[in-house]
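Visitor: Below you will find the structure I want to go over with you.
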Amino acid sequence: MNPKSLLDLNVLIALTYPEHKHHQKARNWLTSSGRERLGICPLTEAGFLRVTTNPAFHPRPRTLEQAIAILQALKGRDDYWYCPIDESWVTLTAPFAARIFGHQQVTDACLLGLAIKEKGVLVTFDKGIQYMAGAEFRGNVQLLE
């Protein structure tokens with residue numbers, strides 16, 4: 001059985017912006033991954049809305065309505081999976097907490113913890129997440145290069 005794939009925000013954004021520098025890498029992964037389920041969680045959903053509607057991110061930012069419509073289209077996919085967060089950050093990150101080294105890893109740690117809890121894979125462009133996962137949880141990270 002193929003694992004559930006939880007998207008990091010960087011992959012979700014790359015998939016939805018054809019001009020993004022990693023768009024083709026993300027598309028290639030999407031079409032060839034053989035994954036069972038393609039998922040997001042409240043963190044990636046909120047991050048997507050925050051980033052894609054920000055004029056500092058893109059010269060033609062999406063409206064909130066446009067960004068929500070993209071998320072709704074994702075929810076319409078047969079392989080869509082929504083991963084709720086029903087445990088605390090501390091609980092989710094406890095298995096690898098010793099490898100979390102700063103404020104910029106708070107969200108990544110939560111996403112990794114969710115992927116581990118759901119016996120899934122966090123799909124990301126962020127190489128630092130592999131270190132955080134360590135050897136024990138390396139199988140819960142899919143680094144797109």
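The values are calculated or read from the model by the stated rules, or taken from the named source; none is laboratory data. Owing to the predicted nature of the structure, the values given are computational and were not obtained by experimental measurement. Heads up, the Cβs are rebuilt from the backbone with ideal geometry, glycines too, and the neighbour counts pull from every protein chain shown.
Visitor: What are the residue pairs meeting all of these: first residue in the stretch 112-123, first residue on the phi > 0 side of the Ramachandran plot, second residue in a loop (DSSP other than H, G, I, E, B), Cβ atoms under 8 Å, and 6 or more apart or on different chains?
Guide: Lys119/Pro3
Visitor: Is at least one residue of the stretch 86-108 closer than 20 Å to Glu36 by Cα, charged (D, E, K, R) and either surrounded by 18 or more Cβ atoms within 10 Å (Cβ to Cβ) or touching a strand residue (DSSP E or B) at 6+ places or on another chain (Cβ under 9 Å) (or both)? Can you show your working first?
Guide: First, pick out the residues of the stretch 86-108 that are closer than 20 Å to Glu36 by Cα: none.
No; the residues of the stretch 86-108 include none that is closer than 20 Å to Glu36 by Cα, charged (D, E, K, R) and either surrounded by 18 or more Cβ atoms within 10 Å (Cβ to Cβ) or touching a strand residue (DSSP E or B) at 6+ places or on another chain (Cβ under 9 Å) (or both).
Visitor: Looking only at the stretch 112-126, which residues are over 21 Å from Arg27 (Cα atoms), part of a helix (DSSP H, G or I) and touching a strand residue (DSSP E or B) at 6+ places or on another chain (Cβ under 7 Å)? Steps first, please.
Guide: Applying the first criterion (over 21 Å from Arg27 (Cα atoms)) to the stretch 112-126 yields 112-114, 116-119.
Within this subset, residues satisfying the condition of being part of a helix (DSSP H, G or I) are 112-114, 116-117.
Scanning the stretch 112-126 gives Leu112, Leu114.
Visitor: Conditions: (1) surrounded by 14 or more Cβ atoms within 10 Å (Cβ to Cβ); (2) without any contact (Cβ under 8 Å) to a residue 40 or more places away in the chain. Asn54 meets all but one. Number of the miss?
Guide: Exception for Asn54: condition (1).
Visitor: Here is a follow-up. Touching a Leu at 6+ places or on another chain (Cβ under 7 Å), of a type in the set (A, V, I, L, M) and assigned to a loop (DSSP other than H, G, I, E, B): is that true of Ile129 in this structure? Can you show your working first?
Guide: Numbers: touching a Leu at 6+ places or on another chain (Cβ under 7 Å): yes; of a type in the set (A, V, I, L, M): yes; assigned to a loop (DSSP other than H, G, I, E, B): no.
No; evaluated as a whole, the condition is false for this residue.
Visitor: Looking at Phe48, Phe57 in this structure, which one is assigned to a helix (DSSP H, G or I), farther than 17 Å from Leu143 by Cβ and aromatic (Phe, Trp, Tyr)?
Guide: Values: Phe57 fails: assigned to a helix (DSSP H, G or I).
Answer to the check: Phe48.
Visitor: Report yes if some residue within the stretch 94-108 is hydroxyl-bearing (Ser, Thr, Tyr), under 17 Å from Asn140 (Cβ atoms) and not in a loop (DSSP other than H, G, I, E, B); otherwise report no. Steps first, please.
Guide: Initial filter on the stretch 94-108 (hydroxyl-bearing (Ser, Thr, Tyr)): 107.
Keeping just the survivors that are under 17 Å from Asn140 (Cβ atoms) gives 107.
From what is left, the residues that are not in a loop (DSSP other than H, G, I, E, B) are 107.
Looking through the stretch 94-108, at least one residue is hydroxyl-bearing (Ser, Thr, Tyr), under 17 Å from Asn140 (Cβ atoms) and not in a loop (DSSP other than H, G, I, E, B).
Visitor: Same structure, new question: Can you pull out every residue in the stretch 132-145 that is assigned to a helix (DSSP H, G or I) and either over 21 Å from Pro84 (Cα atoms) or small (Gly, Ala, Ser) (or both)? Can you show your working first?
Guide: Our first condition is that a residue be assigned to a helix (DSSP H, G or I); within the stretch 132-145, this holds for 132-140.
Across the stretch 132-145, the qualifying residues are Met132, Ala133, Gly134, Ala135, Glu136, Arg138, Gly139.
Visitor: Something else: Determine if the stretch 69-91 includes at least one residue that is at pLDDT 95 or above, closer than 14 Å to Asn10 by Cβ and not in a loop (DSSP other than H, G, I, E, B).
Guide: Scanning the stretch 69-91 turns up no residue that is at pLDDT 95 or above, closer than 14 Å to Asn10 by Cβ and not in a loop (DSSP other than H, G, I, E, B).
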